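Remarks on the structure that follows.
The values are calculated or read from the model by the stated rules, or taken from the named source; none is laboratory data. This structure is a prediction, so every number in the text was calculated from the model and none was measured. All Cβ positions, glycine included, derive from the backbone under ideal geometry; neighbour counts span all protein chains shown. These accessible areas exclude ligands, DNA and RNA; they are computed on the full protein's heavy atoms, side chains included. Shrake-Rupley method; radii C 1.70, N 1.55, O 1.52, S 1.80 Å.
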Amino acid sequence: MTIRIEDQNLLFHLQTDHTSYIFRVMENGELGQLYYGKRVHAKPAYDNLATKTWHNVAALWRQEQHDLHPQLLKQEYASLGKGDFRDPAYQVTQENGSRITEFKYQEYQLVDGKKHLKGQLSTFDDNGDDAQTLTIVLKDQLLGLVMNLKYTIFPHQDVIIRSTSFQNQGTEKLTVNSAASAQLDLPDADYDFIQFSGAWARERHLIRTHLRSGIQSVGSLRGTSSHQQNPFVMLARPTASDATGSVYGFNLVYSGNFRDQVQVDQYDASRILVGINPQEFAWNLKPGETFQTPEAVLSYTDAGMNQLSQQMGAFYQEHLVNQRFAHEQRPTLINNWEATFMDFDEAKLLDFAKTAKKLGLEMFVLDDGWFGHRNNDDSSLGDWFVNEPKFPNGFGNFANQIHDLGLKFGLWFEPEMISIDSELYKQHPDWLINAPGRHASPERQQFVLDMTRPEVVDYLFSAMSKIIDMTKLDYIKWDMNRNITETSSGQLSSDDQLEMPHRYILGVYQLYDRLVKTYPDVLFESCSSGGGRFDLGMMYYAPQAWTSDDTDAVERMMIQFGTSYGYPQMMMGAHVSAVPNDQVGRITSLETRSNVAYFGDFGYELDITKMSAEEQQQVKEQTAFYKAHRQLFQFGKFYRIDNPFENGGNVMSWEVVSADKQHAIAGRYQLLNRPNIGYIRFKVVGLDPDTKYIVNGSTEEFYGDELMNAGLVLDDILKATHGTDRSADFSSKLLVIDAIK
Ligand code: GLA
């Protein structure tokens, strides 16, 4: 048993291979948190950890229990209004307006495995990986409201999944005003809060700040998880780094408005809350109804952030991502977007596809502009039928020609959107999200469909299905290019309007669910103007995501490096595009562009038909190289070495290592070259110290410990400047490391 329960003391000890999570039922019937961190021995009780101190100036739970001050307690799922003045994990309002609740422990249920959550996407244990699920049932007798706190441990990845549900067994209508997926109270505040923040085209840059008294949080109210903040955050000891130290990771299996918050209180205790953003949220619970939160993912290690990313990444691959694709190598692709934008015809595309085939690429992805009468971004969203002037011989025929070339065929959709200039809008103007009596705010000349309406989901399913059937589609890039404004739904009552943001994303999941189940072999890549919805909710359906609209190699180093903390590289779409780069105008070599893009799901996004013969040859060689090492690039253990968010950011490096440590590829990148510098000794990581390796086919042999501790001198990076016409700015070097048999 890895979940140990001391029935007498009502103590719950969740043990994973390397961590312990301990809580108990307190004297007031609520749950008290005792410990989360490195694994400790199981004991019947931890009286010392449960010590309380008497304070004269703090509210008491009851007069006779003179040492139970809610504000001093570390709790599992705290309320507001009964003496704990920190932000609560939830709030429920009665018909009479009271927001006071008193949940008391009723019972627990312990089962092996992990069930899929009803009506929600969730993590799973379909392959017998020793998961166990503990449900703690609490009840507020006055309200007849039952709270289920669910904990699943995935012992081998050191992951704990938490979620909460509220079930109204009473007689009055209740409103859930907020409901976190998880709360964690830690006894001190000597942590750095590490968040991944940015904007369109510069997503998930790492920001690290020490915790301070008060509240620090990240979140979104955009209807998506957003470019600006990501639901993945960490709390790390100040000395922790990629290679060493104590660190907690938190993420949310959700794609809508979220909030991750840390509150440091007067005693320097830290409360972490992760879940749906309580702003713009409320859920009405009629008698008999249940509300289930999304799941939160918690993980801990004392072995540094690389280890944390690896264990969480392994967990997603086994227990979250669509298993049809979780372990399957992803195809190399050519996407026409940055090459043609919407200005293309059949002949041009076929020329493109033939060249792609010649160069060894495996899939042709046709991006925006193939449907309705779309030649610009001012029309046709919602009209998911072919743009006939562009495909006079029929779309099925075009798809056949792509398939006949021996390429897979992929297509861009933006299902959740509607243009005013569309057939769909003519027929269903009420499907466009808007508030009564207001004008709808445009963004990118487009508007959002009301995904809370089942008829919208039905329409999209049937329109998309026709195209998928007609083209025998292999891949869909599902885009979402604007945020939601005037959030309101014509089909919800005035009372239910605050349910809209959550219902919207549930509608999106429903459409995904139907498509994935009907077309199990179609690979989905999610996208939201690049990385605006790069989250675990999307990953459940779409095993990969377009990491950013910024394809500049230097920008991508930061974006992919930042993203790698929370998400494994097989989730990151990474393409080589043209120079000067479309987003920043920077010129980098084709070599550096591919050296960055290799560490993800590789492809090209430029006009390969216009490249010189020499460049085409380079593309051919790069594609062959990637395919030869694809397993390693996509599924190898990922290590960050030089962090571009530290030390002035001039150098970045990372590495992938095979599970058996026989193969590794490291990439080292520098922004600006400097004159007259000393040796660069580059130390790789993750090898077997006792194995001998060669590097880039060298004749010299190196023990793993030498490569990891003494390093390799990279003098050819410096030689690149003097007397050559090559710039050593934005230069990069790959080290292909192979064990000697
Ligand atoms: C978004 C995507 C791009 C491309 C365009 C098409 O910006 O991120 O990759 O598909 O939409 O309009």
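With viscosity 1.306 mPa s and temperature 10 °C, the Kirkwood radius over alpha carbon pairs of region 74-226 converts through Stokes-Einstein to a diffusion coefficient of 87 µm²/s.
To the nearest 20 debye, what charge dipole does region 3-319 have about its Cα centre, counting +1 at the Cβ of each Lys and Arg and -1 at the Cβ of each Asp and Glu? Don't skip to the end; give the middle numbers.
Numbers: 28 positive and 36 negative charges, 114 e Å.
So the magnitude is around 540 debye.
The phi torsions of region 512-518, fed into the Karplus equation with coefficients 6.51, -1.76 and 1.60 and a -60° offset, translate into couplings of 4, 4, 5, 5, 5, 6, 6 Hz, rounded to whole numbers, with Gly and Pro shown as x.
Taking amide H as placed 1.01 Å from N in the peptide plane, Thr19 has its amide H under 5 Å from the amide H of Arg39, each at least 5 places away in sequence or on another chain. Backbone geometry of region 278-290 corresponds, through the Karplus equation with coefficients 6.51, -1.76 and 1.60 at θ = phi - 60°, to 3J(HN,Hα) couplings of x, 5, 6, 9, 6, 9, 7, 10, 6, x, x, 8, 10 Hz, x marking Gly and Pro.
Determine the share of the chain's accessible area contributed by carbon and sulfur atoms, expressed in whole percent, with a 1.4 angstrom probe.
Details: 13530 of 27730 Å².
After summing per-atom areas, the C and S share lands at 49 percent.
How much mean residue ellipticity at 222 nm does the chain get from its helices, if each DSSP H run of length 4 or more adds -39500 (n - 2.57) and you divide by all residues, to the nearest 500 deg cm²/dmol? Could you put the intermediate results ahead of the total?
Numbers: 14 runs with 141 residues, N = 741.
-5500 deg cm²/dmol, from helical runs alone.
Placing one equal scatterer on every Cα of region 303-371 and applying the Debye formula, the log10 ratio I(q)/I(0) at q = 0.12, 0.15, 0.16, 0.28 Å⁻¹ is -0.54, -0.68, -0.72, -1.16. Couplings for region 46-62, taken from phi via the Karplus curve 6.51 cos²θ - 1.76 cosθ + 1.60 with θ = phi - 60°, read 10, 4, 4, 5, 8, 4, 10, 10, 7, 10, 6, 9, 9, 4, 9, 5, 8 Hz in order; Gly and Pro are left as x. Given +1 at the Cβ of Lys and Arg, -1 at the Cβ of Asp and Glu and no other charges, the dipole of the chain around its Cα centre is 600 debye to the nearest 20. What shape does the chain have by the C-alpha gyration tensor, where a ≥ b ≥ c are the square roots of the eigenvalues, rounded means a/c under 1.5, and otherwise prolate means a/b greater than b/c and oblate the rest? The shape class here is oblate.
Accessible area per residue, 1.4 Å probe, Å², for region 603-676: what's the number?
Normalised by residue count, the accessible surface of region 603-676 is 44 Å².
The residue list Ala78, Tyr90, Tyr46 was ranked by how far each Cα lies along the charge dipole of region 26-117 toward its positive end, using unit charges on Cβ atoms, and Tyr46 comes out on top.
Each principal axis of the Cα cloud of region 642-739 was evaluated for its coordinate range; sorted largest first, these ranges are 38, 31, 19 Å.
Amide H to amide H, with H built 1.01 Å from N, Tyr693 comes under 5 Å of Phe702, Tyr703, Gly704, Ile740, counting only residues 5 or more places away or on other chains.
Geometric descriptor of region 193-322, per residue, is 146 Å³ (volume of the convex hull of the Cα atoms). Look at the dipole of the chain built from charges on Cβ: of Ala199, Val579, Phe645, the Cα furthest out on the positive end belongs to Phe645. Taking all Cα pairs closer than 8 Å and separated by 6 or more residues, the relative contact order of region 642-739 comes to 32 percent.
Please work out whether region 261-406 counts as rounded, prolate or oblate from its C-alpha gyration tensor, where a ≥ b ≥ c are the square roots of the eigenvalues and a/c under 1.5 means rounded, while otherwise a/b larger than b/c means prolate and anything else oblate? Write down the numbers at each step before the final one.
On the way: a/c = 2.85, a/b = 1.84, b/c = 1.55.
Verdict is prolate for region 261-406.
Ordering Phe682, Leu714, Leu671 by Cα displacement along the dipole of region 642-739 toward the positive end leaves Leu671 in first place; charges were set at the Cβ atoms of Lys, Arg (+1) and Asp, Glu (-1).
So what is the accessible area of region 3-319 per residue, in Å², with the probe set to 1.4 Å?
Averaged over the residues of region 3-319, the accessible area is 37 Å².
Any idea what the dipole of region 392-551 comes to, in debye rounded to 20, about its Cα centre with Lys/Arg Cβ at +1 and Asp/Glu Cβ at -1?
Details: 13 positive and 23 negative charges, 45 e Å.
Dipole about the Cα centre, nearest 20: 220 debye.
Please give me, ordered by residue number, the chymotrypsin sites (Phe, Trp or Tyr not before Pro) of region 85-124 that lie in loop per DSSP and have at most 16 other Cβ atoms within 10 Å. Don't skip to the answer; put the middle values down first.
On the way: sites: Phe85, Tyr90, Phe103, Tyr105, Tyr108, Phe124; in loops: Phe85, Phe103, Phe124.
Those that pass, being in a loop and sparsely packed, are Phe85.
Taking 0.36 nm per residue of sequence separation and removing the Cα-Cα distance, the Ser462/Asp377 pair yields an extension gain of 28.3 nm.
As an exercise, use a Förster radius of 30 Å and the Cβ-Cβ distance of Asn177 and Ile215 to find the FRET efficiency, rounded to the nearest 0.05.
On the way: r = 18 Å, r/R0 = 0.59.
Using R0 = 30 Å, I get an efficiency of 0.95.
Give Lys358/Lys620; Lys354/Lys610; Lys426/Lys472; Lys358/Lys408; Lys661/Lys683; Lys517/Lys637 a once-over and call out the pairs whose C-alpha atoms are over 19 Å from each other.
Numbers: Lys358/Lys620 8 Å; Lys354/Lys610 13 Å; Lys426/Lys472 29 Å; Lys358/Lys408 14 Å; Lys661/Lys683 16 Å; Lys517/Lys637 30 Å.
Too far apart for the 19 Å limit: Lys426/Lys472; Lys517/Lys637.
The shape of region 3-319 can be summarised by an equivalent ellipsoid whose semi-axes, obtained from the alpha carbon gyration tensor, come to 28, 23, 21 Å from longest to shortest. Below 8 Å, C-alpha to C-alpha, sequence gap of six or more: please give me the relative contact order for region 3-319 in percent. Relative contact order, region 3-319: 16 percent. Residues whose amide H falls under 5 Å from that of Gly113, counting only those 5 or more places apart or on a different chain, are Ala131, Gln132, Thr133, with hydrogens built in the peptide plane.
Could you tell me which trypsin sites (Lys or Arg not before Pro) in region 118-199 are loop residues by DSSP with no more than 14 other beta carbons within 10 angstrom of their beta carbon?
Passing both the DSSP loop test and the Cβ count: Lys118.
Suppose a student asked you for the relative contact order of the chain, using Cα pairs under 8 Å spaced at least 6 residues apart; what percent would you report? Can you show the working numbers first?
Numbers: 1778 pairs, mean separation 70.9, N = 741.
Across the chain, relative contact order equals 10 percent.
Would you mind classifying region 333-635 by shape? Square roots of the alpha carbon gyration tensor eigenvalues, ordered a ≥ b ≥ c; an a/c under 1.5 is rounded, otherwise it is prolate if a/b is larger than b/c and oblate if not. Cα axes put region 333-635 in the prolate bin.
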